[in-house]
Structure formats: structure tokens, C-alpha cells
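Have a look at the structure below before the remarks.
Every number in this text was worked out from the coordinates using simple rules, so none of it is lab data. Computed from a prediction, not measured in an experiment: that's the story for all the values here. Note that each Cβ is placed from the backbone with ideal geometry, even for glycine, and that neighbours are counted across all protein chains shown.
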Amino acid sequence: MRSILLTNDDGIAADGLIRLARAAAGFGEIWVVAPDSQRSAASHSISLHSPIDVFPHDFPVEGVHAFSCTGTPGDCVRVGSLNMMPHRPDVVLSGINFGYNVASDIQYSATAGAAFEAAFQGFPAIALSEDATGCHEVSDAFLKEILAELLEQEIPAGQILNVNFPGCPIAECRGILRGRTVSRGLIFRDRYAEIAQLPGGGVRLMVDGEFAPYYEPGTDLEAVTQNYISVGTVRNIG
């Protein structure tokens, strides 16, 4: 039986992780090692100078072996595959992230970062994300089909598969676009808002990005912006 390790960056209680575990359960034995709280934008970071605590977790999907972890998503892949599982995983799934991981956002994404750590450890890895609208109609309808296809696909060394589901109603979804490249564009134009002045002349800032998508033809950001499911490979560093 295929052994599948799941993680995410939204935390072990996140709806996307639970939905992914339910869908993946039909494809093998499921192990979950996920952060105990939100770790978005942690990228591919790991813990080197602080301990990592791992606890059994009561997960709401029958038959799943689940653990919460105080580390990053990258840590979760490492301790899951090296310590918590009795054997190496056959594949690692990261997600389903609340919010797209396309274009330049992939650099910050801990959903992608965990998948990259899996690739670094020699495991095939798939990152899955969806729009942050809260509408799951497309991912619910296509998730098992996508998993059935991609779990049989050979992934080149040092690369991950990256899947993004649009947040539109299913009636507006235009299908699946495969082989999408990573856009060099942006979803949000970064800026910061001053939310408080601090003693000593300091200021408190909060990210306040302006939605301004820009993309090239054939890319991941173009696909989801036009209500397609985007599937493509992303190359790791090195």
C-alpha cells in the first residue's frame, strides 16, 4: 500500500488539510504531521536552534495517523519522514492551502516550501492550493481526479508538482490546464500601512498589499485568473 505523508502551513486544524486527507485516504495509508498553528509565508525554513515538539493529534478522518508539530512545514516533512513514520513516505502532499501559491508568491509559500523539502529528501511531492474565497466547489469536484492522475506521474528530481484550484462556482470552472509555467508576475503589489506610532520614534507596520495581478500567457496565474485549474512543475533551488 502507498504511504502518503500530508502537511500544510495553515495548521493541523485547517479545513483544507482535513479535506485533502479525506480525498487521499482512498490512495494509501495516510500520515499527517502538520504545524500546531498558522505558519504561512515560512517558505522552506527549518528549525536549527530550537527544539521541535511533536504530539499525537485527534484527527477527524478515520484511519489517519496524525501529529501536531511546533516547527515549520519543512520541519514537519523532516520529522514526519525521519522519526514519526515507521518507513519513508512514497509521496508527500502539502495543502490544501487557503490562498493561491502561484507566480512570485511561491517564493514565500510554506506550502511549496514543505513540498520542496520533500523533494530535497528524495520524495515525490505535490503542493495543492486554492483561492481564498472560501468556495470549495472546484477543489471538491476535481481533487480526487487530480490526485489519481498526479500520484501516478513521475516527477523530475528537484521539482514538485504545483496545483491551484480557482475559487469560482463549479459552473464557471473552465477545466484543467496542465504544464503551466510559473508566472514572473504578481498577485499583489506589496506595500505596508502604518497602524501605530511607537515610543522612541518607532512605527508599527502591517502588510497591506494591493490586488494587481499581472501574468504572461501559459502561466499558473493566468490559468487561475481565468477560472482554470492550474497544474505545473516548479523547480527547486539547485
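Below, the figures for the structure above:
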read-out: Structure-derived mean projected area of the Cα convex hull in nm²: which label, when the choices are [x] 14.3; [y] 14.9; [z] 12.6; value: [x]
read-out: Furthest towards positive pole of dipole, Ile170, Pro86, Tyr100, structure part the chain, Cβ charges; value: Pro86
read-out: Unit charges at the beta carbon, dipole of the chain: most positive-side option, His57, Gly113, Cys69; value: Gly113
read-out: Cα-based shape type of the range 38-84, given that a ≥ b ≥ c are square roots of the gyration tensor eigenvalues and the cut on a/c is 1.5; value: prolate
read-out: Assigned charges on the beta-carbon of Lys, Arg, Asp, Glu; the chain dipole about Cα centre (debye); value: 420
read-out: Estimated FRET transfer efficiency when R0 is 22 angstrom, pair Asp190-Ser47 (beta carbons, to 0.05); value: 0.25
read-out: Equivalent ellipsoid semi-axes - Cα gyration tensor, the range 173-217, angstrom; value: 38, 10, 8
read-out: Cβ-defined net charge surrounding Val224, 13 Å radius [Lys, Arg +1; Asp, Glu -1]; value: -4
read-out: The range 1-141 shape via C-alpha gyration tensor axes, a/c threshold 1.5; value: rounded
read-out: Environment charge of Ala13, counting only residues whose C-beta is closer than 12 Å and scoring Lys/Arg +1, Asp/Glu -1; value: -4
